[in-house]
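Take a look at the structure below.
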Amino acid sequence: MPVIFRRKREASNLAATVSELEEAVAARDGDRTGRAFTAVINGVQSASDDEHALAGPRLAALLPAFPPTGPRSMLATAAGFCVERGADPVACAEPILDGVHQDLCDALEFARRWSAVGAADEELPEPDEKIIDDALPARLGVEAYEATRLALAWCSIESWQAPALAVLCRSAEVRRRHASALLPACRELSALARHDLKCLAHALAVLDDEPLVVLHRPTGTGFEVRIGGIGDNFQLHTLLAHVLVGGGHIPGDAPSAESVRLATDPEPARGRTRTIATGAFELLAPDGERIWNEGLPDDIPVVEGRRLLVLDEPTYQRSWNADRFFPQLPGTAGPTRVLTADETRTWFARTSAGDGIRRTS
């Protein structure tokens, strides 16, 4: 995830500026709040990491006090930047992700109302504040403030991604508490094809401590692997090859040590590398449909309470850059349990090739 603000070198007294903002908000003094807000935004960029650690939860806690038509996403961005610099993601997460959820829902309501009165072939507007005009309330069927609120959510939802990723990518607890409530709305809005919310959707779909049943069709063997923190199926592919091929469970070429390190290193990745990973398998759903490397572990179907993945010989050689999707989020895969012959037959019976024997055409 990119750094939200660029750091400056000037001295900072972030604690004092945050206190001034808190007092101004409590006093409901608009002019004072505006001045304090500007000072906080400037102060966040030049503060020390110790100051960021203390300021992040305080800034996040102010979010509910800011009106939906105000600069809430910018305040959330400041809190997210503090998380990037060491503030506790759990302490900052709820106000930030509540704001994300509210704007996702408001953006969807905007789309529903806009489409309800338009021609059948009329497209939804681009997220540009030029749509906020005198005709908007009548178009949406609401009074002016409500129309502005819904339209601003439509226009600004992408600006919530950076602070949301700051907390989601740094805490499995945050993902466990909040992701399932936000993911459906995020996917529904993304499907309207007017916003780029790929990073947010990927982060919300990350699986943690998830048992995965893996069947290797060429050898008729089965395994249970526990996965977590994996941002896409490129990373999953590398880690499965590492634990199954590298672990001596199945034949093949194990991934390089460097590609495994890039997928699992607890330290955040720094910049892009030129390390290449090579595919070892075809990833398949139980019904034989391909599961794409560009997809997510969350795409793997659940069968009898377990995600069930079938590995087959690759139909062609694949390679990709081995850098992980989320630099801050290390992936895990393991430990590996070898299924008994009876267990393996039972799981293979739930796939399109029920006996586990690969059939050639």
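The values are calculated or read from the model by the stated rules, or taken from the named source; none is laboratory data. Worth saying up front: this structure is predicted, and the values here are computed from it rather than measured. Don't worry about glycine lacking a Cβ; one is built from the backbone with ideal geometry, like all the others, and counts go over all protein chains shown. Accessible surface is based on the protein model in full, side chains and every heavy atom, while ligands, DNA and RNA are left aside. Shrake-Rupley method; radii C 1.70, N 1.55, O 1.52, S 1.80 Å.
Brief remarks on what is shown
- Applying the set (1) more than 17 Å from Leu212 (Cβ to Cβ); (2) part of a helix (DSSP H, G or I) to Thr344 leaves exactly one unmet item: (1).
- Candidates Glu126, Glu158 - the one that is closer than 26 Å to Leu62 by Cα and modelled with pLDDT of 95 or more: Glu158
- Test result for Val225, at pLDDT 95 or above, open to solvent by less than 30 Å² (accessible area, probe 1.4 Å) and part of a strand (DSSP E or B): yes
- Single residue of Ala333, Ala254 found to be in contact with a strand residue (DSSP E or B) (Cβ under 7 Å, 6 or more places away or on another chain), open to solvent by 20 Å² or more (accessible area, probe 1.4 Å) and farther than 23 Å from Leu200 by Cβ: Ala333
- First in region 299-315 and farther than 19 Å from Leu244 by Cα, second anywhere and surrounded by fewer than 18 Cβ atoms within 10 Å (Cβ to Cβ) and of a type in the set (Phe, Trp, Tyr), Cβ under 8 Å, 6 or more apart: Asp299/Trp292
- Boolean, Thr238 is closer than 24 Å to Asp299 by Cα, within 25 Å of the chain's Cα centre (by Cα) and open to solvent by 40 Å² or more (accessible area, probe 1.4 Å): no
- Residues that are of a type in the set (D, E, K, R), within 20 Å of Arg194 (Cβ to Cβ) and exposed (fewer than 13 other Cβ atoms within 10 Å of the Cβ), drawn from region 126-150: Glu126, Asp128, Glu129, Lys130, Asp133
- Filtered by the rule that a residue be part of a helix (DSSP H, G or I) and over 25 Å from Ser159 (Cβ atoms), region 118-141 gives a lone residue, Ala138.
- Residue match in region 85-108 (condition: in a loop (DSSP other than H, G, I, E, B), among the hydrophobic types (A, V, I, L, M, F, W, C) and crowded, with 17+ Cβ neighbours inside 10 Å): yes
- Checked against the criterion of being part of a loop (DSSP other than H, G, I, E, B), over 26 Å from the mean Cα position of the chain (by Cα), loosely packed, with under 13 Cβ neighbours inside 10 Å and not polar (S, T, N, Q), the candidates Gly271, Gly248 yield just one match: Gly248.
- Put simply, of Ser180, Ser115, Ser159 the only residue that is part of a helix (DSSP H, G or I) and open to solvent by less than 60 Å² (accessible area, probe 1.4 Å) is Ser159.
- Selection from region 28-56 of residues that are surrounded by fewer than 22 Cβ atoms within 10 Å (Cβ to Cβ) and not in a helix (DSSP H, G or I): Arg28, Asp29, Ser48
- Near pairs, Cβ below 8 angstrom, 6+ apart or cross-chain, from region 261-284 (free of Cβ contacts under 8 Å to residues at least 60 places away in the same chain) to any residue that is open to solvent by 30 Å² or more (accessible area, probe 1.4 Å) and of a type in the set (Phe, Trp, Tyr): Ala277/Phe234; Leu283/Trp292
- Look at (1) crowded, with 21+ Cβ neighbours inside 10 Å; (2) more than 26 Å from Met74 (Cβ to Cβ); (3) without any contact (Cβ under 8 Å) to a residue 40 or more places away in the chain and you find that Val213 fails only one, number (3).
- Flag for Cys199 being part of a helix (DSSP H, G or I), touching a residue at least 40 places away in the same chain (Cβ under 8 Å) and open to solvent by 50 Å² or more (accessible area, probe 1.4 Å): yes
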